[in-house]
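The values are calculated or read from the model by the stated rules, or taken from the named source; none is laboratory data. Keep in mind the model is a prediction, meaning the values are calculated, not measured. Glycine also receives a Cβ, built like all others from the backbone with ideal geometry; neighbour counts cover every protein chain displayed. SASA here: full protein model, heavy atoms, side chains in, ligands and nucleic acids out. Shrake-Rupley method; radii C 1.70, N 1.55, O 1.52, S 1.80 Å.
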Amino acid sequence: MNTHRRFPRIAVPAALLLGSALALSACAATTPGTSTAPTNDTLVYASGDAEPTCLDPHVGGNYPQSLLASQFLEQLVSQDKNGDIKPWLAKAWTTSPDGLTWTFTVADNVKFSDGTPLDAAAVVRNIEHVKDPETKSSTGYLALAKVEKATATDTNTVTLNLSQPDSALLESLSQPWLAIESPAGLARSQDENCQAPIGTGAFVVDSWKRQDSVQLSRNPHYTTGNGEAALAKISWRFIPDSATRIAALRSGDVQIIDNAQPDTIASSAASDDIKHLDAPRPGSVNRIEFNSSRGPLADERVREALVRGVDVNAGIKTLFFGTATRSYSPLSSVEKLGYSEPKLFDTDVAAAKKLLDDAGWVPGTDGIREKDGQKLTLAFPVSTNQSIPAEQSLFEQIQQQAKGLGIAITITPLDLSSWYEALGKNEYDLVSAPYTKVGPDVLRILYHSAGITPAPSGYFANHAQVNLPALDDLLTRAAETGDQTERASLYEQAQKTILEGYYILPLYDQQNHFLYSGKLKGVGEVNSVGNPLLRGVSFAG
Amino acid sequence: MWAGARRVALRIGGAILVLWAAATVTFFAVRLIPGDPAQAFLGGPGSQASAEALARVRAENGFDLPLWQQYLGYLGRLLRGDLGTSYSLHAPVADVVGEQLLGTLELALWSLVIAWIIALGLALWSVAGGRVAAHVAAGIEMTAAVLPHFWLGSVLILLFATGLGWFPAIATPDARGIILPALTLAIPLAGFLAQLLREALQEAAAQPFVLTARARGESRVGVFARHTLRHAAGPAIGLTGWAFGSLMSGAVVVETIFARPGLGRTLVSAVQVRDVPLVIGLTLVAAAAYLVVSVLSDLAERALNPALRVSRDALVERALEAETPAAPGTFSTPGAFGTSGTSEPSGIFEQPETSGTEPRA
Amino acid sequence: MTRPLLDIRGLRVRFGDAVAVDGIDLRIAPGECVALVGESGSGKSVSARAVLGLAGPGARVSADALRVVDTDVLRLGERGLRALRGGRVGLIPQDALAALDPLHTIGREIDRTLQLHTKLGAIARHERALELLREVGIPNPEERIRQRPGQLSGGLRQRALIASVLAGNPALLIADEPTTALDARVRRGILTLLAELRDRGTGLLLVSHDLDAVRGIADTVAVMSGGRIVESGPAADVLGNPAEEYTRTLLAASPVGVPRHTPLLSASPVGVPRHTPLLSASARTTPLTTERHTSALTGTAGTEESPAPILVARDLTKTFSSRGFSVPAVRQASLALFPGQTLGLIGESGSGKSTLARLILGLESPDSGTVDLQGSRWVPAPESTRRPNRHRLAAIFQDPLSTFDPRLSAAQILAEAHSGGRSIHAAAFASEISASLDAVGLPQSVRSRRPLELSGGQRQRLSIARALAQNPDILVCDEPVSALDLTVQARVLDLLDGLQRERRLSLLFISHDLDVIRHVSDTVAVMRDGVIREAGPTERVFDSPEDEYTRALLADTAARG
């Protein structure tokens, strides 16, 4: 019959379309989003950071890895609120008088979640793992640069032999990138271990679905804390868009978010539904570094003029809604050895202009200063991955103010790779590059002249290219001395030198804000790098 | 049969050409932008990798060879079906793509379905509702078509997730979780589709066979359902094929906003770390998916409208009657060329052009 | 008379301010065929459609009475109208190709009518559909029922359309130009079918501008012009002895029986007075051979009375092939064109006449054969050698609208023609353009109009003007008047005649309309399946055709008259 013959033809494309859409959604349970629906004892954490490529913080070593790893791995030592080092997986330690030998005693009766006991051999294995080039560790590797050898002198004693004294060793060991993993876990292939490292933490990694989430569950054999964790599960999701993150928090789909933007922090302050955790990262502050190796900024007067000619305080206050405090130190406010000198940064536009005049930079016809036919233009590549929109706006304000001084700053937003390229090629005058490390030893990495030489990867840390033998000496001695008072004094002098040379314009701590649901209690414990620890968190009521 | 086989072969050849072009352009595009691919291996740029590690990575992957040599090597592997291993994820590209493909496909299909529903509704309303409705609908269509995904997605989250709480802000495995992302993609597409549908419907409604149908006693709805819709659907289905490509690219933004796993998000991070094999693998998959959908929509259009199926007799017929479009009909005596009376139904068909006669009052 | 099937009194249809139908009366009894004749714009189609309530969007219909059978159409609501349409009144629209949905099979169309107006089940409907197809004379209905309109020939298509209308069993049929664009034989068949239906008791309202078709089957004829009926009465009276001037003009415009060179309309705008034939047709022609593959060739040497041919085509052959299947479009065709004379080329669709024209124009190259233009080789020849002589051949076509660039005004089109395609700057050619417009009888006011704004007749005149601008010796006319109203057609034919004599044009006039050919041609050639079956002086071929196909063709024409 004609009428019936017609049907298959029209129906086919329509049915195909509809059918496949519906069929796919039916089996959607197996495809995207294996995130468990939030139940009463599952906490959903939404991270705005890039998803790690490997969950083992020994490999590579960046901040997103540490956020995750601190839930299931633990370090030999920890740091308390005052910045003092406390025992953790290592219960005691001693140093030889010459500082070249360290002896650690491992804590008793601790087991990894796979049942392997924590002993000296395990610790040695970990240290070897970090130092092994095959592991491709960067942060941990650098931190253990001075450690030559690690041996298990008996079941619970580890001896480290150093090439030079290292006053920062304990601080380094407190970082998650030197966490202790189960040797059985390390024995697996790297890919396997990257999927689910085995540690002593309050949680264990159940599964990791790329681009989606990492599922953690409670470790029933957890002994190093106050008993088992209250939460049964954690669903760790990656949500790159900040608007979506905060929306998800407000709608209750997630309970904690990181990388909270200043405006959302401010707007959430009013309500009780959402609470705020401020955990500035250790190490350097967020600052603008001036490339002293080239161009106009090689002249200290120009640097000082730029620093004193702009006023960043008003900008910081408004753009950050009061969530960021101005810093006048090279070190983070959580560093107890931080030294700050606000006076150096008082704004004085007239003085700044005079400095520029004295330096020979004369205003040209377009308002921009010139000298010997060269214009006073400065290149400022900005990494959109590193700088949040509020910070980028701050830079633009600085740019505007500098124009008033006759300095033309060119801001170029770049993606991460291109930004590193630009830095590697020394094509910058100003740059803002955060650096997270526990302890004042970060000053050595950032301001010692050795930091000017690029690593084979092209990377180097001393962006200001500070090259002062006196400063080098201070930093080297500070890195080696075992005397805490001397150490404090040396670092103070070092910071003074850095600040007075106007090599940097300190802005504020590395912002590390978390917003969480008012339904949670026990939030607030953070480790030495500012990772919140969820082992003590539970749902209220 | 012959003709059909040849056409299929041509199509496949064309598809291979497209895929090759996609792979080549992507390879050079990614490699030529600044950034060291070796870094991708070692956790991204700024990973402070050691010299040995970098050197080893370079040697293993031939990064120190000249670019054209790398390209040829890569092409050779592709021809063998080896998509390579992702630098950053350390997993076979084929696996990564396979995992992510379903998510994006699901999103695209849902978006298509929702877009069609909205477009049909709008087009119908504007055709049936009179002049005011037509103008309003046209305005809605135009606005919808230009809404950017990133804005629309955020607004939808604000309205429906945070505000009304009807849908979750982030992707969940159930149907509720896909509505907002699909809507974000569907609304602009619906704008385009509706415009096309409306014009096609209006054109179809002006055809003479509509009068015949109404003179037969057919109701307006009947005319729509039985006649005009099918005529109007053809171009819209053709547009759908194109739309699929734009949906895939829109998926990049939508997947990021709604934190949905899928090809788009993976592609963004792959490009950021210069993970060449992964970028190429994803691009190829997207190109292949687009080609498949193209073919499907082509087939659907043909199934819907046999006028597009040109047979050999039609070609000859057209050649013979080049200047007299309004003298239709083939041969008044059957059997002149052995067509009308034979058992094989001939495919003689002329485009229903407007007849050359004067418009009669 | 018995209760009329259709009773219209004082029907008025307005579109906004424009009045399309200005108060007409019409009555149709069962078994009666009333023909509503008139030209474009007379309002006849609108009237017919108003009976169904389908006068068009924005139409305001009013009448003192508008009844179909016993139903007052004006009082019907939407549902009532739908029952009326197809069920009691059936509309057979013109041009079945456009009137049937190309995406539906014939069977589907018929089935739909059955669904709407009968309560038959699916199988019964299928049976009835086959029956209907047989009734309307479609062979092999089981196969046809599954085919789409495009797969049927013109005649079968029209019959299928009629079948789909009959399916509703209407008491009254409205046939709107049912024979337009159909070939002679097909036209006869359709008219016979309609006459049969009338004889069976169905009322028939025949709307047409084809007076000869009307003559065949109408009982009553009403002539419409300007929205009013100017004359009506029994067919024999109105058509044989019209009382009104307008009707007389209409009848006069028919080329049937009008000898060569006699203007059809006395008020010919070209200004050429009525002439008696200059020469009798027979004195002008030279003897021709009468073999099967006849060629209309004469000896190349000219005499005083018969000048040498301006174009000679010898044994042209052209085969079209696509993917292994080849069709010979033209086979060994030969003909000759003489200055100041018209060769009429008769053929039905598919005979190859258009291809032959294209070959002669040099637009296609033949597989074999030659064309010589005034002694020098024209086809095959490289375009570079032809270019200087290109202007000598011009062409006009059935649908001039598609040959114009719709953006250009008439003046620009003529400027383009006068400048040899180099310029459309009308101002530079102002005088030539004026002259061209005068020559074809177009008022100067059309200069600024675009082709879409012109009527069909005006467009054809414009295309003639354009053709003349290049000063041709030969004018190929491919169905130039088939799409025109009778009076307009008459004017264009008169125009061509006048121009031909003025400029000694040689015309190749292609048509399927035998009456027109007979009127305009000095010699004719009959083509079928790519072969010229017969050729010779017009009178001889028409009075005593030698080829059997020609005979059959002429028989159809005679039978109709």
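For B:GLY14, the stated conditions hold: it is open to solvent by less than 60 Å² (accessible area, probe 1.4 Å), more than 11 Å from every other protein chain (Cβ to nearest Cβ), modelled with pLDDT of 80 or more and assigned to a helix (DSSP H, G or I).
When restricted to residues that are closer than 14 Å to B:THR26 by Cβ and more than 14 Å from chain A (Cβ to nearest Cβ), segment B:68-106 contains 7.
Residues that are open to solvent by 10 Å² or more (accessible area, probe 1.4 Å), in the same structural domain as C:GLY155 (by the TED database) and at positive phi are absent from segment C:50-70. Considering segment A:333-428, the qualifying helices (runs of 4 or more DSSP H), each wholly inside and each with 3 or more residues that are in contact with a helix residue (DSSP H, G or I) (Cβ under 6 Å, 6 or more places away or on another chain), run over A:349-358, A:389-405. Number of residues in segment A:237-284 that are crowded, with 18+ Cβ neighbours inside 10 Å, aliphatic (A, V, I, L, M) and over 15 Å from A:ASP509 (Cβ atoms) equals 10. Checked against (1) part of a helix (DSSP H, G or I); (2) open to solvent by 20 Å² or more (accessible area, probe 1.4 Å), C:THR317 passes all but a single condition, namely (1). Of all the numbered requirements in (1) away from chain B (no Cβ under 14 Å); (2) within 30 Å of A:GLY518 (Cβ to Cβ); (3) open to solvent by less than 20 Å² (accessible area, probe 1.4 Å), A:GLN65 misses one, and that requirement is (1). Criterion applied to C:LEU462, C:LEU414 was being open to solvent by less than 40 Å² (accessible area, probe 1.4 Å), closer than 27 Å to C:ILE517 by Cβ and of a type outside the set (S, T, N, Q), and the one residue passing it is C:LEU462. Within the set A:PHE395, A:PHE380, the sole residue that is open to solvent by less than 10 Å² (accessible area, probe 1.4 Å), at pLDDT 95 or above, touching a Ser or Thr at 6+ places or on another chain (Cβ under 8 Å) and closer than 29 Å to A:LEU67 by Cα turns out to be A:PHE395.
Condition check: within 24 Å of B:ALA225 (Cβ to Cβ) and at pLDDT below 90. Does C:PRO141 satisfy that? Answer is no for this residue. The set of residues in segment C:496-513 that are open to solvent by less than 10 Å² (accessible area, probe 1.4 Å) and at pLDDT below 90 contains only C:SER511. None of B:ALA138, B:ALA145, B:ALA123, B:ALA134 is at pLDDT 90 or above and assigned to a helix (DSSP H, G or I) except B:ALA145. Of the residues making up segment C:151-183, just one is among the small types (Gly, Ala, Ser), open to solvent by 10 Å² or more (accessible area, probe 1.4 Å) and under 16 Å from C:ARG198 (Cβ atoms), namely C:ALA171. Condition first: open to solvent by 20 Å² or more (accessible area, probe 1.4 Å), touching a Lys or Arg at 6+ places or on another chain (Cβ under 8 Å) and more than 18 Å from C:SER334 (Cα to Cα). Can you find one or more residues in segment C:531-547 that meet it? Yes: segment C:531-547 contains one or more residues that are open to solvent by 20 Å² or more (accessible area, probe 1.4 Å), touching a Lys or Arg at 6+ places or on another chain (Cβ under 8 Å) and more than 18 Å from C:SER334 (Cα to Cα).
For segment A:48-57, filtered to residues that are of a type outside the set (D, E, K, R) and under 15 Å from the mean Cα position of the chain (by Cα), the residue that is most open to solvent (accessible area, probe 1.4 Å) is A:ALA50.
Of the residues making up segment C:324-345, those that are within 13 Å of another protein chain (Cβ to nearest Cβ) and more than 13 Å from C:ASP478 (Cβ to Cβ) number 8.
Matching residues to (1) assigned by the TED database to the domain that holds B:ALA225; (2) at pLDDT 80 or above; (3) open to solvent by 30 Å² or more (accessible area, probe 1.4 Å); (4) not in a loop (DSSP other than H, G, I, E, B):
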| residue | (1), (2), (3), (4) |
| --- | --- |
| B:LEU247 | yes, yes, no, yes |
| B:VAL253 | yes, yes, yes, yes |
| B:ALA300 | yes, yes, no, yes |
| B:PRO325 | no, no, yes, no |
| B:PRO352 | no, no, yes, no |
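Residues that are of a type outside the set (A, V, I, L, M, F, W, C) and without any contact (Cβ under 8 Å) to a residue 60 or more places away in the chain within segment B:203-219 comprise B:GLU203, B:PRO208, B:THR212, B:ARG214, B:ARG216, B:GLY217, B:GLU218, B:SER219, listed in sequence order.
A quick yes/no check of all residues on (1) of a type outside the set (Val, Ile, Thr); (2) away from chain B (no Cβ under 14 Å); (3) not in a helix (DSSP H, G or I):
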| site | (1), (2), (3) |
| --- | --- |
| A:ALA433 | yes, no, yes |
| A:VAL466 | no, yes, yes |
| A:GLY482 | yes, yes, yes |
| A:THR485 | no, yes, no |
| A:LEU490 | yes, yes, no |
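Residues of segment B:68-112 that are aliphatic (A, V, I, L, M) and either at positive phi or open to solvent by 20 Å² or more (accessible area, probe 1.4 Å) (or both): B:LEU72, B:LEU75, B:LEU78, B:LEU79, B:LEU83, B:LEU89, B:ALA91, B:ALA94, B:LEU101, B:LEU102, B:LEU105, B:LEU109.
Among the residues of segment A:467-508, the one identified as open to solvent by less than 10 Å² (accessible area, probe 1.4 Å) and polar (S, T, N, Q) is A:GLN495. Cβ separations smaller than 6 Å between residues 6+ apart or across chains give the following pairs from segment A:418-436 residues that are among the aromatic types (Phe, Trp, Tyr) to residues that are in a helix (DSSP H, G or I) and at pLDDT below 90: A:TYR428/A:ALA422. Considering segment B:154-194, and only residues there that are closer than 30 Å to B:LEU229 by Cα and open to solvent by 50 Å² or more (accessible area, probe 1.4 Å), the residue that is modelled with the highest pLDDT turns out to be B:PHE192. In the set (1) within 14 Å of chain B (Cβ to nearest Cβ); (2) under 26 Å from A:ALA92 (Cβ atoms); (3) among the aromatic types (Phe, Trp, Tyr), the condition left unmet by A:TRP236 is number (2).
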